[in-house]
């Protein structure tokens, strides 16, 4: 099964595999049919909500910066279900773990830096499935200055990312609880040199909803909501299909605003895929839990 969207910032990385889960029989993946049940991610991350102190009431500046060692290690655990219409609350379950190591260097601007990320995707059994590499120059507000490299070339798929753009993810000025802002992201995927490049775009709305302690880190809690609607021409079982994809996404991110690190994040996705002829009608859902590892 191809995972051609794995490089996008946080939520579209899961959409492709969720949409094609039932079509290709989860080739190469560990899967089974089970009840749809997600773990409590807040308990897993040891999240403790706290009242804002005087500094936080005045407003905090949200930024992301390289760590002192210029190396950051993280893990993201994803559980996905493609629901089975004939069986209530049951679905095809797939679990994947991503181990990511990011290397930082100075950028071309005073507020920018280069980050090269190397990821290993593992199946639930622990067997390695994919290796991914991308390199970007971004600002401390997580705006993409330049796409340097975006490649995926393994046995499970091959693609190249081009024209990857993102407006600032973080607000320009200090924010208080209740403040909102938005950003946009788009990219072009080249699946095969002979294929027509596919374009993907979404808009997201973010809000500072509070503050919390996450494993001892004092964090700003940012809730982001987004919708993605796409029409895609695909070949399924040797037949051409026009598929309509709709996704609703909610991410709760925990940003350590004092050390300028994204300490943890919880992403929840629901997708619906329908075909023009009415023969495809799929509902999928997923949850991912991201957290930093000790360097």
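Scan the stretch 169-178 for residues that are touching a strand residue (DSSP E or B) at 6+ places or on another chain (Cβ under 6 Å), closer than 17 Å to residue 251 by Cβ and in a loop (DSSP other than H, G, I, E, B) and report the count. The number of residues fulfilling the criteria is 2. Is it true that some residue in the stretch 224-232 is within 18 Å of residue 49 (Cα to Cα), under 22 Å from the mean Cα position of the chain (by Cα), modelled with pLDDT of 95 or more and not in a strand (DSSP E or B)? No, because not a single residue in the stretch 224-232 is within 18 Å of residue 49 (Cα to Cα), under 22 Å from the mean Cα position of the chain (by Cα), modelled with pLDDT of 95 or more and not in a strand (DSSP E or B). Residue check: is residue 185 within 30 Å of residue 70 (Cα to Cα), within 14 Å of the chain's Cα centre (by Cα) and at pLDDT 80 or above? Yes, satisfied. Residue by residue through the stretch 267-288, note down the ones that are buried (at least 20 other Cβ atoms within 10 Å of the Cβ) and under 12 Å from the mean Cα position of the chain (by Cα). Hits for the stretch 267-288 are 267, 269, 286, 288.
The values are calculated or read from the model by the stated rules, or taken from the named source; none is laboratory data. On a predicted model such as this, the values are computed, not experimentally measured, just so you know. Don't worry about glycine lacking a Cβ; one is built from the backbone with ideal geometry, like all the others, and counts go over all protein chains shown.
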